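Inspection log for the structure reproduced underneath, given as structure tokens.
The values are calculated or read from the model by the stated rules, or taken from the named source; none is laboratory data. Everything quoted here is computed from the prediction, not taken from an experiment. Please note: Cβ atoms are built from the backbone with ideal geometry, for glycine as well, and neighbour counts cover all protein chains shown. Quick note on the areas: whole protein, heavy atoms, side chains included, nothing else; ligands and nucleic acids left out. Shrake-Rupley method; radii C 1.70, N 1.55, O 1.52, S 1.80 Å.
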Amino acid sequence: MSAMNYFADGTPVGTPPGTFVETPKLRLTNLHKAFGSKVVLNGLDLEVGRAESLVVIGGSGTGKSVMLKCALGLLRADSGSIQIDGEETTRLGTRDRERVMRKFGMLFQGAALFDSLPVWENVAFGLIQGQKMRRDQAKEVAVEKLAAVGLAKEVAELFPSELSGGMQKRVALARAIATQPEIIFFDEPTTGLDPIMADVINDLIIKCVKDLGATALSITHDMASARKIADRIAMIYKGKIIWHGPVSEIDNSGNPYVDQFIHGRADGPIQMEVMHP
Amino acid sequence: MHGFSRSLNASGPNAVNRQAGAGERVSHLQGCHGGSMGFLTTTGRAFLVFLEATGRLMLFTSLAISHCFRPPFYFRLITRQMIDIGYYSLPVVGLTALFTGMVLALQSYTGFARFQAEGAVATVVVLSITRELGPVLAGLMVAGRIGASMAAEIGTMRVTEQVDALSTLATNPFKYLVAPRLIAGLTMLPFLVLVADIIGVFGGFLIGVYRLDFNPAAYIGRTWEYLEPMDVISGLVKAGVFGFVIALMGCYHGYQSRGGAQGVGAATTNAVVSSSILILVFNYLITGLFFSR
Ligand SMILES: Nc1ncnc2c1ncn2[C@@H]1O[C@H](COP(=O)(O)OP(=O)(O)O)[C@@H](O)[C@H]1O
Ligand SMILES: [Mg+2]
């Protein structure tokens, strides 16, 4: 597939970075979103190519989750355009929105498992409700998916509240991939996990995305995770993408904001909103 | 963004009377109105906020109703809600009705004995229970039991992003969460009230026969003598409306909750208070509708 060669690298020969010959899987253009007077997204542009893994890095509260929720249509953007496979989705009706939603899988920051349902039903949810699969058949698929994320059959019958944080993340990952989505969003997949579990999740993400041939858009402030799962990295700051490039260029981006972020320095152009006495 | 509480915060005491209590719990948490604002500005803003809240509720209601009629229907969830509302509320509604019927018999006897009209006790009991007390008391009890749990459950799902997760799994939250509850509320409350009617009248009968020494056959005869189908039917219509209102308020406030445990707590309070008040308001309106001279 020529598309693969093209996007895996991110900067194909003879083309300026960020331009694509074919339609990108997901394109956000000049996105604005404010809550009351608080401006969160301020003209954000982002493109993710087919079968590419893009990681957006940025500090807490910079609007990473809001960006994903706008792209999913869970939040309505104030202005700007959101295109999925070239189709404008900002003005879709209920039915078309549900059709487009079927292309997505999402791993929520807090796992967001349904606590009234056992683990297997969580994983099988999209299959039973969305694809109308029979329950016993869906359960088999669910157990398969749980095995794919390294969870034993016995876990299937437990309830989410009986699981540890790392296990919940893995169940959430299994749920996100169960319907074989074309685009998967990962919202801080490793936040709050110990470094070893974080690396397990990273490996699972890479494996799942590869197996599905899916497009992945992840957001994180964990640089180890970003370096591991990204083909391309973009940095969000004050509601805009201020830098993007292949993961290999992250250490010599020439961008002081990126440098400060990846080295985790308190001094630099990014000023945290902390009151100094 | 609780519709009612918000409108209270931004408004002066004038607007508070209109929907007393709907969010009094929350208002002191968010508090603080601009003191220097002119009277016109204050009332104007209060009015706008009130309109906005009303509009939001109307929009929610129409969306929720429209999803009740469009497939897919989640029969498994509808059944579960029906069992939760109809079956598990039986003890509390039954006990309420039993004691209400009993106390009605005692009190009306006390009153009627003063002008030698003791014979009317059975009639008064059955009319009060079927027309008024059965639906209202059952409604208020269920509002506390079911309205609160709906708001808490949906509110928790909301703040833990489970509602968003539903959407990403190609499931409409209105169809999956709201519609089954509305349908179950609308259908199960009349059933509960019918049971409450029977138990309440039976409570009156127990007191009438064992405490007030009525002849059992005569008491039953008096119960049926002046009872008209419309008495029972108007009570059941009320019950249907109350059931819908309870479920709607539970879902609406749960759906609007924001910001963690405190938001869910406020949603629960708002759901119970607003559905209780709406039950009393609709009770009056429906009584007026069925009332004829
Ligand atoms: N539903 C909401 N209502 C109001 N403000 C919100 C809402 N969601 C997010 N915000 C605000 O938007 C900003 C960005 O949030 P978020 O995207 O969650 O940050 P992060 O980059 O850490 O994921 C935060 O300051 C938050 O307070
Ligand atoms: Mg976030």
Among the residues of the range B:134-167, which ones are surrounded by fewer than 23 Cβ atoms within 10 Å (Cβ to Cβ), of a type in the set (A, V, I, L, M) and farther than 30 Å from A:Lys103 by Cβ?
B:Val136, B:Leu137, B:Leu140, B:Met141, B:Ala148, B:Ala152
If you go through the range A:189-202 one residue at a time, do you hit one that is open to solvent by 10 Å² or more (accessible area, probe 1.4 Å) and within 15 Å of ligand 1 (Cβ to nearest atom)?
yes
Of A:Ser218, A:Ser225, A:Ser164, which residue is at pLDDT 90 or above, farther than 30 Å from A:Val258 by Cα and of a type outside the set (Val, Ile, Thr)?
A:Ser164
Tell me which of these B:Ala170 doesn't satisfy, since it passes every other one: (1) within 14 Å of chain A (Cβ to nearest Cβ); (2) open to solvent by 20 Å² or more (accessible area, probe 1.4 Å); (3) not in a helix (DSSP H, G or I).
(2)
Specify the residue that is least open to solvent (accessible area, probe 1.4 Å); the eligible residues are those in the range A:72-115 that are free of Cβ contacts under 8 Å to residues at least 40 places away in the same chain, small (Gly, Ala, Ser) and within 9 Å of another protein chain (Cβ to nearest Cβ).
A:Gly73
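Determine if the range B:183-201 includes at least one residue that is closer than 26 Å to A:Met101 by Cβ and either among the aliphatic types (A, V, I, L, M) or within 14 Å of chain A (Cβ to nearest Cβ) (or both). Write out each step before concluding.
From the range B:183-201, those closer than 26 Å to A:Met101 by Cβ are B:183; that's our starting set.
Add one more test, that the residue is either among the aliphatic types (A, V, I, L, M) or within 14 Å of chain A (Cβ to nearest Cβ) (or both), and what stays is B:183.
Yes - at least one qualifying residue is present in the range B:183-201.
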By residue number, the members of the range A:147-174 that are within 14 Å of chain B (Cβ to nearest Cβ), more than 16 Å from ligand 2 (Cβ to nearest atom), open to solvent by less than 10 Å² (accessible area, probe 1.4 Å) and closer than 27 Å to A:Ile233 by Cα are A:Val171, A:Leu173, A:Ala174
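Can you work out which of the residues in the range B:65-74 that are assigned to a helix (DSSP H, G or I) and within 13 Å of chain A (Cβ to nearest Cβ) is least open to solvent (accessible area, probe 1.4 Å)? Walk me through how you get there before you give the answer.
Looking only at the range B:65-74, we keep the residues that are assigned to a helix (DSSP H, G or I), and these are B:65-69.
So of that shortlist, the ones also within 13 Å of chain A (Cβ to nearest Cβ) come out as B:66-67.
Working: B:Ser66: 40, B:His67: 10 Å².
Checking each candidate, the answer is B:His67.
Within the range B:220-233, can one find any residue that is assigned to a helix (DSSP H, G or I), under 17 Å from B:Leu106 (Cα atoms) and among the β-branched types (Val, Ile, Thr)?
Our first condition is that a residue be assigned to a helix (DSSP H, G or I); within the range B:220-233, this holds for B:220-225, B:229-233.
Now drop any that are not under 17 Å from B:Leu106 (Cα atoms), which leaves B:220, B:222-223.
Okay, now just the ones that are also among the β-branched types (Val, Ile, Thr), so B:220, B:223.
Checked the range B:220-233: at least one residue is assigned to a helix (DSSP H, G or I), under 17 Å from B:Leu106 (Cα atoms) and among the β-branched types (Val, Ile, Thr).
Taking into account only those residues within the range A:35-71 that are charged (D, E, K, R) and within 16 Å of ligand 2 (Cβ to nearest atom), which is nearest to the other protein chains (Cβ to nearest Cβ)?
Kept after step one, since they are charged (D, E, K, R), are these residues of the range A:35-71: A:38, A:45, A:47, A:50, A:52, A:64, A:69.
Filter again for within 16 Å of ligand 2 (Cβ to nearest atom), leaving A:38, A:64, A:69.
Working: A:Lys38: 14, A:Lys64: 14, A:Lys69: 7 Å.
Here the residue is A:Lys69.
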